[in-house]
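Asks: Here's a structure for you.
None of the figures in this text is laboratory data; all of them are computed from the coordinates on show. Since this is a predicted model, take the numbers as computed values, not measurements. FYI the Cβ positions are ideal-geometry reconstructions off the backbone, even for glycines, and counts take in every protein chain you see.
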Amino acid sequence: MTDALLYRRHRFPPDVIAHAVWLYFRFSLSLRMVEDLLAERGIIVSHQTVRSWAEKFGREFSKTIRRRSDGKLGDKWHLDEVVISIGGRKHWLWRAVDQEGFVLDVLVQARRDRQATLRLMRKLLSRHNRLPRVLITDKLRSYSAAKRELMPGIEHRSHKGLNNRAENSHQPTRRRERIMKRFKSPRQLQRFVSIHDPIANLFHLPRHEITSEDFRELRAAAMVAWRDIAQLEAA
């Protein structure tokens, strides 16, 4: 989508809109917190406007990030699921990450069984159009059953201690769940994580593995990429 079409009929300039979306998905902020941060800069918008920007533009930005990352993510897949309470009922947030912690895909489901695992794996295979080199999961038996059906020749390591990377990937969602005072529906959760995780991938930098100078360079490159994705003029 071109800049003219993406921001058409919005009275605020693209820089303001993209900055609001960046604040909301980059940090654990509520819609009202983003509203206040913008107000401090003299930009008066409601939190409902911030929500509509986050949904519309965040969806477009995340699509572009996913498209650019096709074929560039790792071949060691870590799969994990975590329970999320929505309206008093248990739902399961399934997430797959690679060996560097980049999110491959995410799926909200009402069940935690073989069929739910199959659905996640089929979604992964369809999106990435390739098999992993290694599959790492906890000891949930559904993973082994689904793996035998869809990826029988792939090495499978099933051990809770090996899957810390996938388990840690749920932490940003947990923080946001507290900020938002729980998610209101499975659809809302799926919509949020489908936008949040690709944007988080763009700014996912292995701070503990690189020097401070390298980190600053990578962070600057990520910001340049963000401005390009958001179709903003070079800073």
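Asks: Let a ≥ b ≥ c be the square roots of the eigenvalues of the Cα gyration tensor of region 51-177; is it rounded (a/c under 1.5), or, if not, prolate (a/b larger than b/c) or oblate?
Replies: Here region 51-177 falls in the oblate category.
Asks: If you don't mind, another one. Using square roots of five times the C-alpha gyration tensor eigenvalues, list the equivalent-ellipsoid semi-axes of region 171-225 in whole Å, biggest first.
Replies: 29, 12, 8
Asks: Taking Cα centroids, how far is region 54-117 from region 180-235 in Å?
Replies: After rounding, the separation between the Cα centres reads 15 Å.
Asks: Also, quick follow-up: What does the charge count near I154 come to, summing +1 for each Lys or Arg and -1 for each Asp or Glu among other residues with Cβ under 15 Å from its Cβ?
Replies: Surrounding charge for I154 is +3.
Asks: Across region 107-124, in residue order, what do the Karplus-derived ³J(HN,Hα) couplings come to in whole Hz, using 6.51 cos²θ - 1.76 cosθ + 1.60 with θ = phi - 60° and x for Gly and Pro?
Replies: 8, 9, 9, 7, 10, 10, 9, 4, 5, 5, 5, 4, 5, 4, 5, 5, 5, 5
Asks: Under 19 Å from the 7 Å Cα→Cβ point of A145, by amide nitrogen: which residues of region 102-122?
Replies: 109-122
Asks: Which lysines does K90 reach when only Cα atoms under 18 Å apart count, and residues fewer than 8 places away in its own chain are ignored?
Replies: Qualifying lysines at Cα under 18 Å: K181, K184.
Asks: What is the calculated FRET efficiency for M180 to I43, with r their C-beta to C-beta distance and R₀ = 22 Å, to the nearest 0.05?
Replies: Once rounded, the FRET efficiency stands at 0.45.
Asks: Another question, then. Which order results if T137, T211 are arranged by neighbouring Cβ count within 10 Å, fewest first?
Replies: Taking fewest neighbouring Cβ atoms as first place, the list is T211, T137.
Asks: Can you list residues whose amide H is under 5 Å from L104's amide H, if they're 5+ apart or on another chain and H is modeled 1.01 Å from N?
Replies: Counting only residues 5 or more places away or on other chains, the set is A96, V97, D98.
Asks: Debye calculation, C-alpha points only, no solvent: report log10 I(q)/I(0) for the chain at q = 0.16, 0.17 Å⁻¹, in the same order as the q values.
Replies: Cα-only, vacuum Debye calculation for the chain: -1.20, -1.31.
Asks: At a Cα cut-off below 26 Å, give the lysines reachable from K76, other chains included and same-chain residues fewer than 8 away excluded.
Replies: List returned: K63, K123, K139, K147, K160.
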